[in-house]
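**Student:** Attaching a single structure in structure tokens format; questions to follow.
Taken together, the values in this text are just the output of simple stated rules run on the coordinates, not laboratory data. Since the model is a prediction, treat every value here as computed from it, not as a measurement. When we count neighbours, we look across all protein chains shown, and the Cβ atoms used for this are built from the backbone with ideal geometry, even at glycine.
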């Protein structure tokens, strides 16, 4: 496990988790290259390079990946907009292959793939009522995204948080496998970001899908 500074290519850096990833990565001494559609949403500062463009723009994503050590995708589809997580991930993986980037982390959700039973332990109400009624398409898109990542040649980590809270960072979180009996319902976005940035220099979880719960 290395601890040296890395060049992080960040997608979704103005979103709920992504903005925390950006701040923590810079504070940890990493260089961040952030892809954003509206550069005015990010404050210029040392260590931050802003790349303007959409995740569906191959030229912009190529620029983002140039010289990066790892791609961190915090992609999410906004309400009322066409799905972007799965098609955007396909563009990212193609750009990584062209630019020789070997590692990535992506955000998914507890309840996806083999963590379905875990999701039901955390909240049967959410999995049996909320997801079918309101989140079916988003969960389907996350399934597609995970399949793309798993079939790629890069060193990947799929991060599956439980329900996301808005509290301040505590610096504590728990990483578990899909077979864990954990039942914690929420983990703060800031602590998920803490986990993601820790994994920038920690390769022990490469090739795994991990669930992230509130700690300690």
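**Student:** Going by how many other Cβ atoms sit within 10 Å of their own, how do 173, 128 line up, fewest first? Write out the running numbers ahead of the final one.
**Tutor:** Details: 173 22, 128 12.
Starting with the residue having the fewest Cβ neighbours, the order is 128, 173.
**Student:** Name the residues of region 183-215 whose amide N is less than 11 Å from a point 7 angstrom out from the Cα of residue 135 along the C-beta direction?
**Tutor:** Once the point is set 7 Å along Cα→Cβ of residue 135, 186 turn out to lie under 11 Å by backbone N, inside region 183-215.
**Student:** Would you mind pulling out the separation of the Cα centroids of region 31-46 and region 96-154, in Å?
**Tutor:** First find each Cα centre; the distance between them is then 26 Å.
**Student:** Separate question: Using 1/(1 + (r/R0)^6) with R0 = 30 angstrom and r between the beta carbons of residue 151 and residue 40, what's the FRET efficiency to the nearest 0.05?
**Tutor:** Details: r = 37 Å, r/R0 = 1.22.
E between residue 151 and residue 40, to the nearest 0.05, is 0.25.
**Student:** With r defined as the distance between the Cβ atoms of residue 181 and residue 52 and R0 fixed at 41 Å, what FRET efficiency is calculated, to the nearest 0.05? Kindly include the intermediate steps, with their values, before the conclusion.
**Tutor:** Values: r = 45 Å, r/R0 = 1.10.
With R0 = 41 Å, the Cβ-Cβ based efficiency is 0.35.
**Student:** If I stretch the segment between residue 59 and residue 203 completely, what's the gain in nm (0.36 nm per residue apart, minus their alpha carbon distance), one decimal? Provide the component values of the computation, followed by the final result.
**Tutor:** Working: separation 144, 0.36 × 144 = 51.84 nm, distance 2.85 nm.
Once the chain is fully extended between residue 59 and residue 203, it gains 49.0 nm.
**Student:** Could you check the spin-label model distance between residue 124 and residue 27? Points 7 Å from the Cα along Cα→Cβ, value in nm.
**Tutor:** 4.0
**Student:** Once every DSSP H run of n ≥ 4 in the chain is given -39500 (n - 2.57) and the sum is divided by its residues, what mean residue ellipticity at 222 nm do you get, rounded to the nearest 500 deg cm²/dmol? Intermediate results must be reported in sequence, preceding the final value.
**Tutor:** Details: 6 runs with 65 residues, N = 216.
Mean residue ellipticity, 222 nm, calculated: -9000 deg cm²/dmol.
**Student:** Right, another one. To the nearest 10 degrees, how steeply does helix 189-198 sit against the main Cα axis of the chain, on a 0 to 90 scale?
**Tutor:** Roughly 60 degrees, rounded to the nearest 10.
**Student:** Convex hull over the Cα atoms of region 7-214, averaged projected area in nm²? Display every interim value, and only then the final one.
**Tutor:** Details: hull surface 42.4 nm².
For region 7-214, averaging the hull's shadow over all directions gives 10.6 nm².
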